[in-house]
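Have a look at the structure below before the remarks.
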Amino acid sequence: MVWKPHVTVAAVIARDGRFLLVEEDTDDGRAFNQPAGHLEAGESLLEAVVRETLEETAYPFRPTALVGVYQWRHPHKDLSYLRFAFTGELLGDALPRALDSGIIAAHWLSLGEIAAQAAHHRSPLVQRCCDDYLAGRRYPLDVLAYFA
């Protein structure tokens, strides 16, 4: 059998010293995560992060830079993830639309509030992406090439 990681995208969005995170119901209980999700068939990484951010937060999002690429193996499940984390800008206020199934709410949290919820992070990538963002890690989007 061929091993394949789950390819995911995440949006690392900061405003006024706070990060946009979602609170969601998972198989392991309530968790906090960046707006994130799986890459779908026929979709570019940029299209995926725009879609996931809108579905999970109702905010229209425009990615401007890649924060990092992260590989993580779940410690208790036979699952591995390859996450592409982007930063960018929100294009206005949240739209009047329902959030994706399983999403409880979108929250603007300070770094201290995020750290206080560490036991409830969806993965260690939540904190790492915030730390990398604050460290100024930004890579141009043209490092990615999409061929349809």
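Coordinate-derived values only; no laboratory data. Source: prediction; values computed, not measured. Heads up, the Cβs are rebuilt from the backbone with ideal geometry, glycines too, and the neighbour counts pull from every protein chain shown.
Miscellaneous remarks
- For I104, distant residues with modelled amide H under 5 Å away: E23, E24, D25
- Each label point was placed 7 Å from the Cα along the Cα-to-Cβ direction; for R30 and D93 their separation is 2.6 nm.
- Sites V2 and A65 - FRET efficiency at Förster radius 22 Å, r taken between beta-carbons, to 0.05: 0.10
- Cα-Cα pairs of the chain separated by more than 25 Å (percent): 23 percent
- 3J(HN,Hα) along region 54-60: 5, 5, 9, 10, 6, 8, x Hz, from the Karplus curve 6.51 cos²θ - 1.76 cosθ + 1.60 with θ = phi - 60°, whole Hz, x for Gly and Pro.
- For chymotrypsin sites (Phe, Trp or Tyr not before Pro), the sites in region 43-148 that DSSP calls loop and that have at most 16 other Cβ atoms within 10 Å are Y146, F147.
- Amide hydrogen proximity for Y59: with H placed 1.01 Å from N in the peptide plane, the residues at 5 or more positions away or on another chain lying under 5 Å are L95.
- Leading residue at positive end of dipole, region 1-144 (Cβ point charges), from A106, L21, V69: V69
- Under 5 Å, built H, 5+ apart or other chain: amide partners of H6: S80, Y81, L82
- In order along region 72-89, the phi-based Karplus estimate (6.51 cos²θ - 1.76 cosθ + 1.60, θ = phi - 60°) of 3J(HN,Hα) comes to 9, 9, 5, x, 10, 10, 7, 9, 10, 10, 10, 9, 10, 9, 10, 10, x, 10 Hz; Gly and Pro are listed as x.
- Take the Cα of E40, step 7 Å toward its Cβ, do the same at K77, and the gap between the two points is 2.0 nm.
- Using Cβ point charges alone (K and R +1, D and E -1), the dipole size of the chain about the Cα centre works out to roughly 400 debye.
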